[in-house]
Amino acid sequence: MPAPGSGILSFGLVAIPVKIHTAIHDQSVSFNLLHSECGSRLRNRIFCPTCNQLVERQDLVRGFEYSKGEYARLMDDELETIEAEANKSIDLKEFVPILKIDPIYFESSYYLGPDEGGEKPYRLLTETLAKTQRAGVAELVSRGKEQIVIIRPYRGGLVLHGMYYPNEIRDFIQVPRAESDRVTADEIKLAQGLIDRMSEWCFRAGQVSG
């Protein structure tokens, strides 16, 4: 997914410079692997089977295999240049109704804000998408991989969602379900009343907290 920074949101002859901001604050707890005997943190070592020796990180280079066993080397500055140029382009391909997008496809979220010189077209796109209840389907390249993203209006601005491809989503039919257990109309009515009461309570709580 795109790294925080700047980009160009484009469709047709319109190009809108935008700033990309992270929307999620990761609060997960991470752990390190320790040696049980002394409690020291363990290190990953990289081994070269051809030279039969350990390789230090400063001696590593990146490359891609263009033929069996043949690699083209790329230096870090070359990779950074390629990545920076690719990440700047966010090409809108089409617009779809927001309610037609199943949230199961959302992978990640980023805020888009206007960059210098893009304030008016950014505002125009934001308000038009909000009024028409549509979202933009766009393509971008990140870390050498083409990504499909959704751009939708959100609280007076724009939010970008990284999307899973359809072949990455498991078919729900694979999940075991008790199809033989039927519910009655009275049971549905009872459950609906409970949901309605809880919805009203949440609405009132939101008004108080707001």
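The values are calculated or read from the model by the stated rules, or taken from the named source; none is laboratory data. On a predicted model such as this, the values are computed, not experimentally measured, just so you know. For neighbour counting, all protein chains shown are included, and Cβ atoms are generated from backbone atoms with ideal geometry for every residue, glycine included. Just so you know, the surface numbers come from the protein's heavy atoms only, side chains and all, with ligands and any DNA or RNA stripped out. Shrake-Rupley method; radii C 1.70, N 1.55, O 1.52, S 1.80 Å.
Under a Cβ-Cβ cut-off of 11 Å, what is the net charge of the residues other than Gln133 that fall near it, where Lys and Arg count +1 and Asp and Glu count -1? Value of the local net charge: +4. Can you bin every Cα-Cα distance in region 94-166 into 10 Å intervals starting at zero and give me the percent of pairs per bin, rounded to whole numbers? That works out to 19, 52, 26, 3, in percent per bin. Surface calculation, 1.4 Å probe, protein heavy atoms: Ser6 sits at approximately 40 Å² accessible.
In summary, the lysines within cross-link reach of Lys100, defined as a Cα separation below 26 angstrom excluding same-chain residues under 8 places away, comprise Lys131, Lys145.
Hydrodynamic estimate: the Kirkwood radius of region 1-70 over Cα pairs, inserted into Stokes-Einstein at 4 °C and 1.567 mPa s, corresponds to D of 71 µm²/s. Under the simplified labelling scheme, the Phe31-Ile104 pair shows an inter-label distance of 3.2 nm, with each label point 7 Å from Cα along Cα→Cβ.
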